[in-house]
Amino acid sequence: MKKIAVVIYPYFSLQEITTLTSCLKIWFGKDIDYLGSELNIYESEEGFQVTPTKTFNDVDLDDYSCVILPGIINPLPALYDNRLINFLSGLKDKEILIASISSSPLLLAKAGLLSEVKFTAGIFMQMVDVFSFIKKENFIHQPIVKDKNIITAIGFAFREFAQLVLNEMGLDVGESFMLPVTKEYTEDELTFYWENDDYQEFLDELKEYQN
């Protein structure tokens, strides 16, 4: 079974992708590799310190069905990381779903993946004037855009981003995925029980801690 890759770089946003990655890992049991240029600690924009599980040199792109790019509060270090851009360039013409949110479509554009693809991004429009690799005519000012095998979104649409990516992978999360609480619940509706096998598994694990 093919895996999922999450690309990390300095100042990346955890918040924008954890709805997606949590569902992939916990709901659907997908294997996720976290890829970086080096096996160093990368600090997220929230201050979390994260170490990649593999470098770009350690992976075969054919092992992955989806590559996820989180947004970046300061995109310049990633934008001028040649190892990262070269890795992304290798995705061109691959049958891999690419999911990029907030400012990270900048990286796809520099890697040449958006030259013939409609996209959106959470960036200031002055960047379009500064960086010639951004094709202004392809920039669609919508919360989320899918064109070919590439999904892009603005950061506030992280829920819709997650839902679309999961659906494109054939993973059904229903129509009410992560919607706000809009009803009054009864006590019974919010009282939860394990299935017998799951409860026994918990008890067996508990014994290991108690012994």
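FYI, it's all coordinate maths here, none of it is from the lab. In this text the structure is predicted, and so the values were computed from the model without any measurement. No Cβ is skipped: glycine too gets one built from the backbone with ideal geometry, and neighbour counts run over all protein chains shown.
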- [ ] Filter segment 71-96 down to the residues that are part of a loop (DSSP other than H, G, I, E, B) and among the aliphatic types (A, V, I, L, M), then identify the one that is surrounded by the fewest Cβ atoms within 10 Å (Cβ to Cβ).
- [x] ILE73
Task: Residues of segment 1-40 that turn out to be among the aromatic types (Phe, Trp, Tyr) and crowded, with 17+ Cβ neighbours inside 10 Å, as a count - done: 4
- [ ] Of the conditions (1) in a strand (DSSP E or B); (2) charged (D, E, K, R); (3) more than 27 Å from GLN163 (Cβ to Cβ), ASP33 clears all except one; give me its number.
- [x] (3)
TODO: Can you confirm whether segment 109-116 contains a residue that is of a type in the set (Lys, Arg) and touching a Gly at 6+ places or on another chain (Cβ under 8 Å)?
DONE: no
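For (1) over 17 Å from TYR9 (Cβ atoms); (2) of a type outside the set (Val, Ile, Thr), each residue gets a yes or a no:
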{"site": "SER100", "(1), (2)": "no, yes"}
{"site": "SER104", "(1), (2)": "no, yes"}
{"site": "LEU107", "(1), (2)": "no, yes"}
{"site": "SER115", "(1), (2)": "yes, yes"}
{"site": "LYS118", "(1), (2)": "yes, yes"}
{"site": "VAL128", "(1), (2)": "yes, no"}
{"site": "LYS135", "(1), (2)": "yes, yes"}
{"site": "PHE139", "(1), (2)": "yes, yes"}
{"site": "LYS148", "(1), (2)": "yes, yes"}
Open item on the list: For segment 41-55, which positions are surrounded by fewer than 12 Cβ atoms within 10 Å (Cβ to Cβ) and outside any loop (DSSP other than H, G, I, E, B)?
Closed with: GLN49
Open item on the list: Whether any residue in segment 5-19 is in a loop (DSSP other than H, G, I, E, B) and farther than 23 Å from PHE156 by Cα is what I want to check.
Closed with: no
- [ ] All but one of (1) of a type in the set (A, V, I, L, M, F, W, C); (2) free of Cβ contacts under 8 Å to residues at least 24 places away in the same chain; (3) over 18 Å from ASN167 (Cβ atoms) hold for ILE26, so report the exception by its number.
- [x] (3)
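Can you name the residue in segment 153-211 that is small (Gly, Ala, Ser) and under 14 Å from the mean Cα position of the chain (by Cα) and, of all such residues, is surrounded by the most Cβ atoms within 10 Å (Cβ to Cβ)? First the steps, then the outcome.
So in segment 153-211, the residues small (Gly, Ala, Ser) come out as 153, 155, 157, 162, 170, 174, 176.
Now drop any that are not under 14 Å from the mean Cα position of the chain (by Cα), which leaves 153, 155, 157, 162.
On the way: ALA153: 30, GLY155: 19, ALA157: 20, ALA162: 26.
Of everything passing the filter in segment 153-211, ALA153 is surrounded by the most Cβ atoms within 10 Å (Cβ to Cβ).
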- [ ] Scan (1) surrounded by fewer than 21 Cβ atoms within 10 Å (Cβ to Cβ); (2) in contact with a Lys or Arg (Cβ under 6 Å, 6 or more places away or on another chain); (3) of a type outside the set (Gly, Ala, Ser) for the single condition MET125 breaks and write down its number.
- [x] (2)
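Yes or no, residue by residue, for (1) within 27 Å of PHE133 (Cβ to Cβ); (2) in contact (Cβ under 8 Å) with a residue 12 or more places away in the chain; (3) of a type in the set (Phe, Trp, Tyr); (4) touching a Gly at 6+ places or on another chain (Cβ under 9 Å):
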position: ILE4; (1), (2), (3), (4): yes, yes, no, no
position: LEU14; (1), (2), (3), (4): yes, yes, no, no
position: LYS30; (1), (2), (3), (4): no, yes, no, no
position: LEU39; (1), (2), (3), (4): no, yes, no, no
position: PRO77; (1), (2), (3), (4): yes, yes, no, no
position: LEU84; (1), (2), (3), (4): yes, yes, no, yes
